Amino acid sequence: MRVLPGAPYPLGATWDGRGTNFAIFSANAEKIELCLFDRTGRREMERVVLPEVTDDVWHVYLPQIGPGQVYGYRVYGPYDPEHGHRFNHHKLLLDPYAKRLTGHFVWSDAHFAYRTRSARADLSFDKRDNARGVPKAVVVEDAFTWGQDRHPATPWTSTVIYEAHVRGLTMQRKDVPAGMRGLFRGLGAPAMIEHMKALGVTAIELLPVHAFVDERMLVEKGLRQYWGYGTVAFFAPEPRYGSADAGLEDFKATVAQLHQAGIEVILDVVYNHTGEGNHLGPTFSFRGIDNASYYWLRPNAPRYYDDFTGCGNSLNLTHPRVLQMVMDSLRYWVEQCHVDGFRFDLATTLGRQPNGFSPTSGFFAAISQDPVLSRVKLVAEPWDIGMGGYQLGNFPAGWSEWNDQFRRTVRSFWRGDANQIRDLAARMAGSADRFRHRRRQPRASINHVTVHDGFTLADLVTYSRKHNEANGEDNRDGSDDNLSANWGVEGPTRDEDVRETRRRVRKALLATLFLANGVPLMLAGDEIGNSQNGNNNPYCQDNEVGWVDWSGLGRDDDDSGGDLTGFVARLTELRRAYPQIQGHRWLVGRTGDDWDVKWLTPRGTEMVGTDWAFAEARFLSYVLAPVEPSGAPVLIVLNAAGHAVEFVLPEWSDCASWALLLATVPDDARKNDATLPAGTACSAPARSVTVFAGTS
């Protein structure tokens, strides 16, 4: 085979129309072999020693190699865990820049023997060849006919995010063709697009789509890694979500379909760790290519990993080549796959320096100056489990963050807990106490009540404790701090009083989410009463437990309130119609005519210090000033008490009456289209949200 030196960049396998350049980084390797396989990936055809090394990048150009070529690497070097090196040329390794995978991981003692030895031993040096037990990379052609595809570029203030799992969203959706269910193509099915449009969703946030591995522990229990938080290839789509040999094309086509409908695509990405686990874990890629470069190692014991993530290892983005890989991956998904943004799992790890987290770390600096990535939507999960890992509000300007304080406060308030109205006011006003600095705006707060990690909305009002027995960990996994309530009966019930309370609270939680300043994120299936049977950690439930149950669509007779698709649509309509709800500016209570928000007592007067100090208060009402001079003020009334609360419609010089916009619990004495004079005494039903617009 003709072999040429090739070029050190771009990294990965790059076909130029005549041949393929292979380039792979390793600062500590002694030799690297490129292994070429037949198209099935079962038979190795040839090995090529990479002849050139430039700035720690090993490279070769093969003129006769093109798209469809299956390949892997064997990397030679010292096996010296005490100094952080775990080279093992007996292991076939996956290219970190692989853009397509073929085959799958096979867990067996013939390939991975670490289980059979002492738990105290480092076992990544196993002389048995694993070539038949790991997927291989495939050379791809990146060309794709995008036509007139354009990024929707929805403003943050107009954004409504729908968090979903590629497989789980459509597996039980009967109006999605059977051959598309559970796949990328299912997301673009007409029924799914119509549903998201009906809700008023502007962006779908997908749980990880990068190729990942099923942990051996799960496989032995007959389970799978469902959520996908165990990435092994940051450029390749997960094969199980695509049709045979066309997963990348399927993903691109789906993005184009969603864009045509005006829906953005945000990817949940996991650059904080990989699926190789801790020092006893298997060697798939990074560990065998250059363990000491890719991972954070303990300074005084480099045999072990600094584990800030709870997943066994942490990627070291302070290393320039690791940072380069992450940046190249992000740009690839934006430029080649047209995604619109990213939600960064355990993002604190990405900003870690030797002395801890820094919002000016190399990763954030690289993002901010990048002409492509600085313009997409950037969302941080603002914590990890390391020292100083909780960093809510401390990410750079231009970033938004999952606001778990919003989730905690809203759940507590609607559960009926005391001492919540002051915190609730802060959350409804955009959480300025967390985000109003460095010129950040309310859109920095990604508000959510439920996400993939925890109870669904229906389970939040149906279970007081988790029920994770199906996970095989004796119900020890998952959070015990759910701030949930079953309202009298644990699980499903025929008790109509309990069912009515659950309906009310579920609607109140949704209304609170969409009426708050900031960006609302809702969990797919919450609108139709999807339940996980009380499992608040279904990360391994690739079955009916983890999949969205669409049987509630079009029904209103289930325990927790039935189909609320139309209700959510009304809420997103209100956000569009009244800009002061969206978070165009911080809501600041001021005296005189220049004001953004006025917090009210039930009497319709402005609250003073003693009103905020009432521990047993479970009622909050406030008026939002219009953004435009011609706009109307909005009155929002939240009553979490178990009884009705009388209140007075406030009197303002420019507001003679109030028109009812929304009532989560209809008041028999008031029709939905009622317009009432200012000063009118009204009743807020128990556990309800009511919204009015002022008229002159």
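Taken together, the values in this text are just the output of simple stated rules run on the coordinates, not laboratory data. A quick note: this is a predicted structure, and the numbers were derived from the prediction, not measured. Please note: Cβ atoms are built from the backbone with ideal geometry, for glycine as well, and neighbour counts cover all protein chains shown.
Put simply, the amide H of Ala380, placed in the peptide plane, has neighbours under 5 Å in Phe344, Ser400, Glu401, Trp402, leaving out anything fewer than 5 places away on its chain. Comparing Cα centroids, the stretch 301-354 and the stretch 358-392 end up 10 angstrom apart.
Amide H to amide H, with H built 1.01 Å from N, Ser464 comes under 5 Å of Asn486, Gly491, counting only residues 5 or more places away or on other chains. Could you pull out every one of the lysines with an alpha carbon less than 21 Å from that of Lys91, ignoring same-chain neighbours closer than 8 positions? Partners found: Lys31, Lys99, Lys127, Lys136.
Working from Cα pairs under 8 Å separated by at least six residues, relative contact order for the stretch 585-695 is 26 percent. Amide H to amide H, with H built 1.01 Å from N, Cys682 comes under 5 Å of Phe647, Val648, Leu649, counting only residues 5 or more places away or on other chains.
Placing +1 on each Lys and Arg Cβ and -1 on each Asp and Glu Cβ, with no other charges, gives the chain a dipole about its Cα centre of roughly 680 debye.
Computed from backbone phi with θ = phi - 60° and the Karplus coefficients 6.51, -1.76 and 1.60, the 3J(HN,Hα) list for the stretch 136-146 is 10, 7, 10, 5, 10, 9, 7, 4, 8, 7, 7 Hz; x is used for glycine and proline. Taking a ≥ b ≥ c as the square roots of the eigenvalues of the Cα gyration tensor, the stretch 1-67 is oblate, since a/c reaches 1.5 or more and a/b is not larger than b/c. Taking label points 7 Å from Cα along the Cα-to-Cβ direction, Ala178 and Ser696 give a separation of 6.3 nm. Here the stretch 125-208 has an Rg and Dmax of 18.3, 57 Å, counting Cα atoms alone. Each residue of the stretch 378-392 is assigned a 3J(HN,Hα), and the resulting list reads 10, 10, 9, 7, x, 7, 9, 9, x, 4, x, x, 7, 10, 4 Hz, derived from the Karplus form 6.51 cos²θ - 1.76 cosθ + 1.60 (θ = phi - 60°), x at Gly and Pro. Normalised by 2.2 N^0.38 Å, with N the number of residues, the alpha-carbon radius of gyration of the stretch 316-376 equals 1.10.
Restricting attention to the chain, close to 75% of DSSP beta bridges with both partner residues there are antiparallel.
Expressed as a fraction of 2.2 N^0.38 Å, the value expected for a compact globular protein of N residues, the C-alpha radius of gyration of the stretch 335-464 is 1.16. Remark: the stretch 11-23, residue by residue, has Karplus-estimated 3J(HN,Hα) of 6, x, 9, 10, 8, 10, x, 10, x, 10, 9, 10, 9 Hz, where x stands for each Gly or Pro and the curve is 6.51 cos²θ - 1.76 cosθ + 1.60 at θ = phi - 60°. Start at zero, step by 10 Å, and the Cα-Cα distances of the stretch 585-695 spread as 14, 49, 31, 6 percent across the bins.
Listed by chain and number, the aspartates and glutamates whose alpha-carbon sits under 14 Å from that of Lys221, ignoring those within fewer than 8 places in the same chain, are Glu469, Glu473, Asp474, Asp542. Taking the Cβ-Cβ separation of Ala397 and Glu490 as r and a Förster radius of 45 Å, what is the calculated FRET efficiency to the nearest 0.05? In this case the efficiency is close to 0.50. Put +1 on the Cβ of every Lys and Arg and -1 on every Asp and Glu Cβ in the stretch 172-291; which of Asn278, Gln172, Leu267 then has its Cα farthest towards the positive end of the dipole? Towards the positive end, the residue furthest out is Gln172. Loop-located trypsin sites (Lys or Arg not before Pro) in the stretch 369-462 (DSSP state not H, G, I, E or B) with no more than 11 neighbouring Cβ atoms inside 10 Å: Arg439. Dividing the summed -39500 (n - 2.57) terms of all DSSP H runs of n ≥ 4 by the residue count of the chain sets its mean residue ellipticity at 222 nm at -5500 deg cm²/dmol. Placing a pseudo-label 7 Å from each Cα along the Cα-to-Cβ vector at Arg465 and Leu280 gives an inter-label distance of 3.0 nm. Taking label positions 7 Å along the Cα-Cβ direction at both Glu82 and Arg439, the computed distance is 5.4 nm, reported to one decimal.
The value of relative contact order for the chain, using C-alpha pairs under 8 Å at least six residues apart, is 10 percent. Rounded to the nearest 0.05, the FRET efficiency derived from the C-beta distance between Glu606 and Asp477 at R0 = 35 Å is 0.15.
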